[in-house]
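This report refers to the structure that appears directly beneath it.
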Amino acid sequence: MKIALLGYGKMGHIIERIATERGHEIVLKKDETNTFDGLSTADVAIDFSAPNVAVENISTAINLGIPVVSGTTGWLQDYHLIENLCKEKNAAFLYGSNFSLGVNLFFELNDYLARMMAKFKDYKVSMEEIHHIHKLDKPSGTAISLANAIINHTDKNNWAIENPKEDDVFIDVKRIDEVPGTHTVSYNSDVDFIEIKHVAHNREGFALGAVVAAEWIIGKKGIFSMKDVLDLHK
């Protein structure tokens, strides 16, 4: 499989190593210093770039008929543009706020817990997310996915990272050293405290999941998520 890396930072380097170990070829390492030369020869593109260039990266690949797997966060206000383009071009696109197998299982656990807790109004939900100091977006895409699941199943209407209102899910955002990613969801009442947590030890799991998703999307048409890759649909 020929892979175009759209974004060649820390994640791009790890993805390159894992993809090469799995027998794939990297035909483009796109960063801010080079062009899209080589993209047209790719079987699939993996986008781990920056929020301000993600839409351009993804659109360019889709316009060439190349399926795209994207893990870039912080650009989802324009997600509908990519969704519409993908449908228009009969292409394939997969976005994941987090490609880790463990995190995607954590998403399912969070979803189930939120549905259960919706009936118990004495419990107040809150979240914490911790990442390395280089992360550009706040909160993380993973935290937003977790918060949206809670919103879907409870009387919460939005999430907030400061000055939360009664109907907000508060996300306490922290940027500390080189922390790969820690996400905690808590339900607190006057009598007890329930907490679920995912702690990433490194970025390897994210990179491997992205490569597995790229392998999976070859030959498919449509808009997908890691639920499809991991067959987690109920």
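Details
- Listed conditions (1) of a type in the set (A, V, I, L, M); (2) modelled with pLDDT of 95 or more; (3) over 13 Å from Ile58 (Cα atoms); (4) in a helix (DSSP H, G or I) are all met by Val125, apart from (4).
- Against the conditions (1) in a loop (DSSP other than H, G, I, E, B); (2) surrounded by fewer than 18 Cβ atoms within 10 Å (Cβ to Cβ), Phe99 satisfies every one except (2).
- Look at segment 120-136: where a residue is closer than 13 Å to Ile150 by Cβ and a partner is in a loop (DSSP other than H, G, I, E, B), sitting 6+ places away or on another chain with Cβ atoms under 6 Å, you get Tyr123/Ser189.
- Sole exception among (1) touching a strand residue (DSSP E or B) at 6+ places or on another chain (Cβ under 6 Å); (2) open to solvent by 20 Å² or more (accessible area, probe 1.4 Å); (3) farther than 24 Å from Lys220 by Cα for Met116, by number: (1)
- Among residues of segment 56-74 that are at positive phi, those with a Cβ under 7 angstrom from a residue that is open to solvent by 10 Å² or more (accessible area, probe 1.4 Å) and in a loop (DSSP other than H, G, I, E, B), sequence gap 6+ or separate chain, pair up as Gly65/Lys89; Gly74/Pro51; Gly74/Leu136; Gly74/Asp137.
- Pair list, Cβ under 6 Å, 6 or more apart: segment 1-26 residue part of a helix (DSSP H, G or I), other residue open to solvent by 60 Å² or more (accessible area, probe 1.4 Å): Ile18/Leu208
- Taking the numbered list (1) in a strand (DSSP E or B); (2) surrounded by fewer than 18 Cβ atoms within 10 Å (Cβ to Cβ) in turn, Ile171 passes all entries but (2).
- Close contacts from segment 214-234, counting a first residue that is open to solvent by less than 60 Å² (accessible area, probe 1.4 Å) and a second that is among the small types (Gly, Ala, Ser), with Cβ to Cβ under 6 Å and a gap of 6+ residues or different chains, come to Ile217/Ala92; Met226/Gly96; Val229/Ala213.
- Trp159 among the aromatic types (Phe, Trp, Tyr), under 27 Å from Ala54 (Cα atoms) and part of a strand (DSSP E or B): yes
- Complete set of residues in segment 178-190 that are of a type outside the set (Gly, Ala, Ser), surrounded by fewer than 20 Cβ atoms within 10 Å (Cβ to Cβ) and either touching a residue at least 60 places away in the same chain (Cβ under 8 Å) or part of a strand (DSSP E or B) (or both): Thr182, Thr184, Asn188, Asp190
- If you go through segment 154-167 and keep only what is open to solvent by less than 60 Å² (accessible area, probe 1.4 Å) and closer than 17 Å to Asn110 by Cα, you end up with Thr154, Lys156.
- Only one of Leu94, Leu81 that is in a helix (DSSP H, G or I) and not hydroxyl-bearing (Ser, Thr, Tyr): Leu81
- If the condition is being open to solvent by 80 Å² or more (accessible area, probe 1.4 Å) and either part of a strand (DSSP E or B) or closer than 22 Å to Ala92 by Cβ (or both), then segment 30-46 contributes only Ser40.
- None of Val211, Val199 is open to solvent by less than 20 Å² (accessible area, probe 1.4 Å) and out of contact with any Cys (no Cβ under 7 Å at 6 or more places or on another chain) except Val211.
The values are calculated or read from the model by the stated rules, or taken from the named source; none is laboratory data. Quick caveat: nothing in here was measured; it's all calculated off a predicted structure. Neighbour counts are summed over all protein chains in view; Cβ atoms, including those assigned to glycine, are modelled from backbone coordinates with ideal geometry. Accessible surface is based on the protein model in full, side chains and every heavy atom, while ligands, DNA and RNA are left aside. Shrake-Rupley method; radii C 1.70, N 1.55, O 1.52, S 1.80 Å.
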